[in-house]
Every structure is written in C-alpha cells, then in structure tokens.
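Written out below as structure tokens is the structure these notes cover.
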Amino acid sequence: MTRNAGWWLTAVVLSGVGCDAAEKLAEAVGKTKVSMTMKNGQKVEGTLLKDENGQSVVQVKYGSVTVSSGDVASVETIGTSPVPPAGEGRLARWDHCLHVVSEQSWSHHLVQVPATVIDVGILKNVPYFSHRSGDFELNVYGDPEHPACLEIGLHNGAVNPAERSACQETMLALLTDPADRQTLRTMNLQQSRAVRAGMVFEVTPPTEKDSYGGWWISVYDEPLLDRQRASAVELANITVPRAPTPPRSSPTAVGVHPPAPAPSLFHWKDQELKNARPQAGPSDEGRIYKRGVYRKDGVYIVAQL
C-alpha cells in the first residue's frame, strides 16, 4: 500500500484516529517491510524497527538507517518481516540482536552510529557495527551472521544500578546457551571476568584503557576474534577517514559550480559522527567503518545498500 507525502507512519497516532489504529501501528513495528522514497528521489527498503517523534529506524542489510518524516515523499508496505532467529552460535546473530534491542524500554531514539576502528586491546581491527540510544550502546563484532563478540555498555559511567541491570538483562536475551546466561547472572556489575567453555565474560569499568570512557558488558570467543580480525587490505576497503574531505564539483564551461549531489542516506551524518566513540589518541584522526560491512567467503566487504 502506497501513501503520499502528506502521510507518515506516525500520522496514524498524531491524527487521533483512534486506539485501534495506534495498536495496529505498534504491531507493525518490527514486523513490516517498508519501501520509503525520499523527496530527493533516494529510496530505502527494509524492516521498520522504530517509529517515534517523526523519526523512523529501518533495518537494512547489516545495519540500519534513520529517516525523518519531513524528508519522505511516499511510503509503501511491501510485506511482513518475521522475527530474525538467534542462529546456531552461542552469541545471537546481528539482526536478532538489533530486533531485541529495539524492543527494550531504554531504546528510544535508537540510531546506528559510525563504528570507530579500535586499535588497542583484544578487539583491535575487528569490524563491528554500533547502535546508540542515549547513553546505551550495542556493538556486534566480527562476522554479523556469526559474531565473535557482543557488547552492551553505557557512556555515563554506569552510575545508575538500574541501567547496569538493564544492560545485563538485554545481554542475557542475546545469549543462546542457558549455562552462559547463568554465568552472566552471577557476575559483579562493577568489574569482573569469567570464562566458561571457551567463552569470556567481562564487565569493564570506564577507568580501563580500552573502555573508551564507557562501562561495558562484553561476551566473546577469543580464538574466533583472532580469526575474524580484518587484514590491512580489508581495513582499507571497508573504512573511511573519520573526517572525510567534502566532495567538490567541477565548474561548468562558464565557471559556475553546479550544486553538489544530495548525500546518500547511507553516508554517516554529522550528528551520527558526534555519537561515535572517541579515538584512543587525541592526535589520531582515525577511521570509521562504512555502513553495511559483512563477511563473505572469509573476507569483509560492504553491502550494496
């Protein structure tokens, strides 16, 4: 079903057409595939994960994009989207993780942010994608279909015990092995480390060098991290400078610069860059991963979004 530019998914609620319509909209979130055409002609297709305050989060191939109602010309529903399975590994697949997080009470204003290339510690040069909601952050490392590490954390120093508990409960929902869940339940949420059947469970405080100022719960398979670490060649292909050079257009025959093309929906926006974790060193401009990085035949590439 296609709607014109005057209609937006949140309009069902804002127009006050009734509780039944609002309930149907709520039911559609996380279960409906949509195709959105922007006023500049660009298009995005995927599963509707969030629709609130004039912003919609759409899950695409190996990530998500956030669009504003004012930028949309039309919306078309193109089918249903079943809940993604957790997969066969002990750590849930990327899409299952994103679906679970989008349903949490703390995940308002959920948005994918650029993932800063980590150059220290056990996670050095392991590609990942990152989503933030306020101070909360979810990171999925390595092959999105078979993650080597899942991480949930807080950027406020985790001073609120209820927020730490919310991170723990969310991570429990992303572990497929009951024994792994029991291990995580017993951990000290200030700082702790445990190992069970080759899987490492860590609670890292903001004071640690590789915490980037955040508090984290991390669950990872160290040998798998080593196997999924990106090579120098792969990093060159799947990352961009944190502050890329703005595109320049060539002047016409009369010396007039034509207007620059509209930036792609899938390019990182300034506000998204501001929410990315900082670099380890203040003098290092660093690099960030492109949106849509995934692993195919043992090599990291970028999805055609």
Legend entry - Residues of the stretch 78-97 classified as at pLDDT 95 or above and either open to solvent by less than 20 Å² (accessible area, probe 1.4 Å) or part of a strand (DSSP E or B) (or both), total: 5
Legend entry - Residue list for the stretch 199-223, restricted to those being in contact with a Leu (Cβ under 9 Å, 6 or more places away or on another chain), open to solvent by 30 Å² or more (accessible area, probe 1.4 Å) and closer than 27 Å to K296 by Cα: D221
Inset, instruction - Would you be able to say whether some residue in the stretch 144-164 is open to solvent by 10 Å² or more (accessible area, probe 1.4 Å), at pLDDT 95 or above, under 17 Å from E88 (Cβ atoms) and in a helix (DSSP H, G or I)? - result: no
Inset, instruction - Can you tell me which residue among S69, S56, S35 is more than 29 Å from E163 (Cβ to Cβ), in contact with a strand residue (DSSP E or B) (Cβ under 7 Å, 6 or more places away or on another chain) and among the small types (G, A, S)? - result: S35
Inset, instruction - Please state which of the following conditions P223 fails to meet, knowing it meets all the rest: (1) at pLDDT 95 or above; (2) under 23 Å from the mean Cα position of the chain (by Cα). - result: (2)
Legend entry - Residue in the stretch 22-38 that is nearest to L265 (Cα to Cα), counting only those that are open to solvent by 30 Å² or more (accessible area, probe 1.4 Å) and modelled with pLDDT under 90: V29
Legend entry - So S130, is it free of Cβ contacts under 8 Å to residues at least 60 places away in the same chain, polar (S, T, N, Q) and either farther than 16 Å from W215 by Cα or crowded, with 21+ Cβ neighbours inside 10 Å (or both): no
Inset, instruction - Scan the stretch 45-58 for residues that are over 16 Å from the mean Cα position of the chain (by Cα) and modelled with pLDDT of 90 or more and jot them down. - result: E45
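The values are calculated or read from the model by the stated rules, or taken from the named source; none is laboratory data. Since this is a predicted model, take the numbers as computed values, not measurements. Neighbour counts run over all protein chains shown; Cβ positions are idealised from the backbone, glycine included. When the accessible area is computed, the model is the full protein with side chains, heavy atoms only, and any ligands, DNA or RNA have been set aside. Shrake-Rupley method; radii C 1.70, N 1.55, O 1.52, S 1.80 Å.
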